[in-house]
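Colleague: Here's a structure for you.
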Amino acid sequence: MDSTTCPLCALPRTPADTAGLAWSSLHERDGSLTWICPTCTRGELWRIEALLEVNAPSAPAPLRLAA
């Protein structure tokens with residue numbers, strides 16, 4: 001099943017986006033497609049070109065106050 005939102009920023013992919021070439025696609029091992037929005041594509045281009053996994057950013061660890 002194809003993704004309907006960018007996995008990195010959750011921007012929805014609209015029907016108008018399907019007609020253009022702005023979104024990039026990642027072909028997953030299970031045969032599905034993951035669509036990356038134009039902004040995230042530019043930010044992750046080096047990982048995409050190197051065939052590295054593009055993952056959604058994880059939340060940073062909370063800061064602890066010094067005692």
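The values are calculated or read from the model by the stated rules, or taken from the named source; none is laboratory data. As the structure is a prediction and not an experimental result, all values here were calculated from the model. We place every Cβ from the backbone using ideal geometry, glycine too, and count neighbours over all the protein chains shown.
Colleague: Among the residues of segment 36-53, are any at pLDDT below 85, out of contact with any strand residue (DSSP E or B) (no Cβ under 6 Å at 6 or more places or on another chain) and at positive phi?
Modeller: yes
Colleague: Do the conditions hold for Leu8, that is, is it in a loop (DSSP other than H, G, I, E, B) and either charged (D, E, K, R) or surrounded by fewer than 16 Cβ atoms within 10 Å (Cβ to Cβ) (or both)? Before you say what the answer is, go through the steps one by one.
Modeller: Values: in a loop (DSSP other than H, G, I, E, B): yes; either charged (D, E, K, R) or surrounded by fewer than 16 Cβ atoms within 10 Å (Cβ to Cβ) (or both): no.
So Leu8 fails the test.
Colleague: Which of the residues that make up segment 14-59 are among the small types (Gly, Ala, Ser), assigned to a loop (DSSP other than H, G, I, E, B), within 18 Å of Thr4 (Cβ to Cβ) and free of Cβ contacts under 8 Å to residues at least 40 places away in the same chain?
Modeller: Step one: list which residues in segment 14-59 are among the small types (Gly, Ala, Ser), which gives 16, 19-20, 22, 24-25, 31-32, 43, 50, 56, 58-59.
Applying the additional criterion that residues be assigned to a loop (DSSP other than H, G, I, E, B) yields 20, 22, 31-32, 50, 56, 58-59.
Still in the list and also within 18 Å of Thr4 (Cβ to Cβ): 20, 22, 31-32, 56.
Within segment 14-59, Gly20, Ala22, Gly31, Ser32 qualify.
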